[in-house]
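One structure is given below, encoded as structure tokens.
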Amino acid sequence: MSTSEELIALATQARERAYAPYSGYAVGCALLADGAVYQGANVENASYGLALCAERSAVAAAVIGGAHAIQEVAVVTASSPPAAPCGMCLQTLTEFAPDPAAVRVWLVNPDGERRAVTLAECLPYGFRRDQLRR
């Protein structure tokens, strides 16, 4: 199990490895899922629509690692105030959050600004698998 401070440090470390030659906007993410920590960084592409956000790359790493239940997330950007994940990332995080209201999301920047919110606060009406008709 990792502490919030460790998650933030790992997200900061991941941000340093981001590939953002087009926007110059590096993002790092670390998430705690099923007791293990997974990192991600944004990876841009000359074809902008093919870019991969840090949060989604961390979720992909978690899934590959066998984890499917996110407990906590840290996202580091250079924005002031610290930026929240985009809608696509919020929906992806929600897919792997058993209870979005219980998932703390740390929004941080290198200047030390921090904001703690829940995933449910970021995406109050996220689409959940239990809403699918079968």
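Descriptive notes on the structure:
- Helix runs (DSSP H) in the chain reaching 24 Å along axis by Cα, Kyte-Doolittle at least -0.5: none
- Fraction of beta bridges assigned by DSSP in region 64-134 that are antiparallel (%, nearest 5): 50 percent
- Relative packing of 118-131, 53-66, which averages over residues the other C-beta atoms within 10 Å, highest first: 53-66, 118-131
- Charging the Cβ of each Asp and Glu at -1 and of each Lys and Arg at +1, and nothing else, the dipole of region 4-131 about its Cα centre rounds to 180 debye.
- Local electrostatic count at PRO82 - Lys and Arg +1, Asp and Glu -1, tallied over other residues with Cβ under 10 Å: 0
- Largest-first principal axis extents of the Cα set of region 1-49 (Å): 37, 18, 11
- Gain upon complete extension [GLU6, ASP34; 0.36 nm per residue less C-alpha separation]: 8.5 nm
- DSSP-defined antiparallel bridges as percent of all bridges, the chain, nearest 5: 75 percent
Values in this text are rule-based calculations from the coordinates and carry no lab data. Everything numeric in this text was worked out from a predicted model, so none of it was measured. A quick note on method: Cβ atoms are made from the backbone with ideal geometry, for glycine too, and the neighbour counts reach across all protein chains shown.
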